[in-house]
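Presented below is the structure to which this report refers.
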Amino acid sequence: MDYYSSQITKLIEELGRLPGVGNKSAQRLAFHIINMPEEQVMNLSNAMVEAKKNVRYCAKCFTLTDKEICPICASPKRNPSMIMVVESTRDLAAYEKTGKYEGVYHVLHGAISPMLGIGPENIKLKELMVRLQGNVEELIIATNSSLEGETTAMYISKLVKPTGVKVTRIASGVPVGSDLECTDEVTLLRALEGRVEI
Ligand code: ZN
């Protein structure tokens with residue numbers, strides 16, 4: 001039964017499609033939005049539309065950015081011959097927060113997962129291989145230590161080894177099964193410093 005007007009119901013429905021938002025949270029958010037000043041609601045909806053319209057993949061590292069080349073790839077202070085492979089832009093952000101990594105990144109946008117039907121062709125692996133044809137000295141694999149992350153790390157390692165590029169894996173300081181983005185900066189740094197060749 002439709003307890004609310006159809007527009008409120010629609011808003012609750014749309015909010016409920018977001019990850020981690022159940023029906024109750026969707027209702028709470030919907031009523032919160034309705035009670036917000038109109039200007040604030042406009043700012044929120046504009047921010048969503050503008051981000052969606054303008055955010056794209058960096059042409060080099062495939063992180064999400066609103067520029068052709070992201071600020072990290074464009075920075076002359078970064079070492080382009082050292083590439084860290086991460087699963088997502090959020091993982092990249094976690095490493096950036098440490099402020100200690102001077103290389104560049106490659107964002108896969110996922111990890112290989114036979115169970116979920118995600119194969120090597122579904123993540124940005126081809127693009128990584130193209131980058132390795134340039135001057136790359138070290139490839140640091142910083143995928144998560146989940147089953148998918150480890151599978152992806154092994155796959156990349158096997159693929160890249162014949163090219164002669166040094167392949168390293170971040171140390172297991174990152175707890176098994178945990179997401180990089182949830183790991184504190186000290187642990188991330190230790191994992192980076194303790195990386196080993198694979
Ligand atoms: Zn980039």
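The values are calculated or read from the model by the stated rules, or taken from the named source; none is laboratory data. Keep in mind that what you see is a predicted model, and the values were worked out from it rather than measured. For neighbour counting, all protein chains shown are included, and Cβ atoms are generated from backbone atoms with ideal geometry for every residue, glycine included. Each accessible area value is taken on the protein alone, full model and side chains, heavy atoms only, with ligands, DNA and RNA left out. Shrake-Rupley method; radii C 1.70, N 1.55, O 1.52, S 1.80 Å.
Here are the numbers:
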read-out	value
Under 5 Å, built H, 5+ apart or other chain: amide partners of residue 140	83, 84, 85, 168
Whole-number accessible area per residue in Å² for the chain, which is evaluated in the context of all protein chains at 1.4 Å	61 Å²
Three principal axis lengths of the chain [C-alpha, angstrom, descending]	64, 37, 33
The chain - mean residue ellipticity at 222 nm from DSSP helices (-39,500 (n - 2.57) per run, n ≥ 4, rounded to 500)	-13000 deg cm²/dmol
Whole-percent carbon and sulfur share, accessible surface of the range 6-54, 1.4 Å	58 percent
Electrostatic dipole magnitude of the chain [Cβ: Lys, Arg +1; Asp, Glu -1; Cα centre; debye, to 20]	420 debye
Share, in percent, of DSSP beta bridges within the chain that are antiparallel, nearest 5	30 percent
